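See structure below.
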Ligand SMILES: CC(C)(COP(=O)(O)OP(=O)(O)OC[C@H]1O[C@@H](n2cnc3c(N)ncnc32)[C@H](O)[C@@H]1OP(=O)(O)O)[C@@H](O)C(=O)NCCC(=O)NCCS
């Protein structure tokens with residue numbers, strides 16, 4: 001998993017505001033709260049085709065800042081180069097979504113670099129939107145948080161947001177993520 005992560009992300013992370021910090025990243029990826037979905041080749045059990053790393057967490061509610069939402073955060077999603085564009089990334093996202101719904105999480109979340117256009121296409125196709133907590137609140141590939149959610153959330157407003165090189169995206173999984181008082 002670490003080799004695949006390094007092959008996929010070392011250059012992009014190094015060039016980003018996150019930087020490349022292997023020790024910190026390993027501690028995050030293999031944290032005791034991390035859960036991994038692993039896709040292996042049907043013909044070679046030792047070949048890792050892709051994986052996703054998930055954590056069940058709480059985040060400030062999409063709608064009511066005093067409230068916490070239960071979220072399933074996708075920390076990583078990676079497909080090996082030879083196996084891309086075959087639906088594995090979509091499969092991993094749909095499994096994460098099913099898990100989130102099964103455990104009654106309010107939303108599925110992830111962070112993506114603006115430079116990662118392949119991943120941006122992937123998430124746009126899967127119906128992700130910009131999360132109310134995202135430092136960048138607009139991108140032409142994604143719907144922004146709805147006005148009511150933004151107004152009542154108390155999250156950062158446009159003028160206080162700093163330009164940065166990533167987006168926080170989400171997919172709402174339950175009604176309570178969009179309505180107050182449920
Ligand atoms: C992003 C990633 C996980 C997608 O995995 P994948 O298995 O290739 O994705 P899928 O085959 O399920 O493709 C789903 C959709 O994503 C989009 N997509 C995937 N690769 C794309 C590319 N190179 N260019 C444009 N769109 C692309 C397409 O809309 C595609 O649907 P389509 O094939 O019907 O057009 C994979 O490219 C990857 O591992 N990249 C490196 C690691 C990474 O960036 N991870 C995300 C970190 S936030």
| task | Can you put 102, 10 in order of Cβ neighbours within 10 angstrom, beginning with the fewest? | result | 102, 10
| Taking 0.36 nm per residue of separation and subtracting the Cα-Cα distance, what length does fully extending residue 32 through residue 20 add? | 2.2 nm
| request: Rounded to the nearest 500, what is the 222 nm mean residue ellipticity of the chain from helices alone, with -39500 (n - 2.57) per DSSP H run of 4+ residues and division by all residues? | output: -8500 deg cm²/dmol
| query | At 10 °C and 1.306 mPa s, what whole-number value in µm²/s does Stokes-Einstein give for the translational diffusion of region 61-126, with Rh from the Kirkwood sum over Cα pairs? | reply | 120 µm²/s
| request: Would you mind ranking 105, 141 by Cβ crowding within 10 Å, fewest neighbours first? | output: 141, 105
| said: If neighbour count is taken as other Cβ atoms inside 10 Å, put 118, 90 in order from fewest to most. | reply: 118, 90
| query | Taking every pair of alpha-carbon atoms in the chain, what share in percent sits in each 10 Å bin, from 0 to the bin with the longest distance? | reply | 9, 35, 38, 15, 3, 0
| message | If I take R0 = 22 Å and measure r between the Cβ atoms of residue 90 and residue 47 in this structure, what FRET efficiency does the formula 1/(1 + (r/R0)^6) give, to the nearest 0.05? | response | 0.70
| said: Please compute the contact order of the chain in relative form: average sequence separation of alpha-carbon pairs under 8 Å and at least six residues apart, divided by the residue count, as a percent. | reply: 21 percent
| request: Give the shape of region 1-69 as rounded, prolate or oblate, defined through the alpha-carbon gyration tensor: a ≥ b ≥ c are the square roots of its eigenvalues, a/c under 1.5 means rounded, and otherwise the shape is prolate if a/b is larger than b/c and oblate if not. | output: oblate
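Every read-out reported here was derived from the displayed coordinates using simple, explicitly stated rules and does not represent laboratory data. Note that the structure is predicted; figures quoted are calculated from it, not measured. All Cβ positions, even for glycine, are placed from backbone atoms using ideal geometry, and neighbour counts span all protein chains on display.
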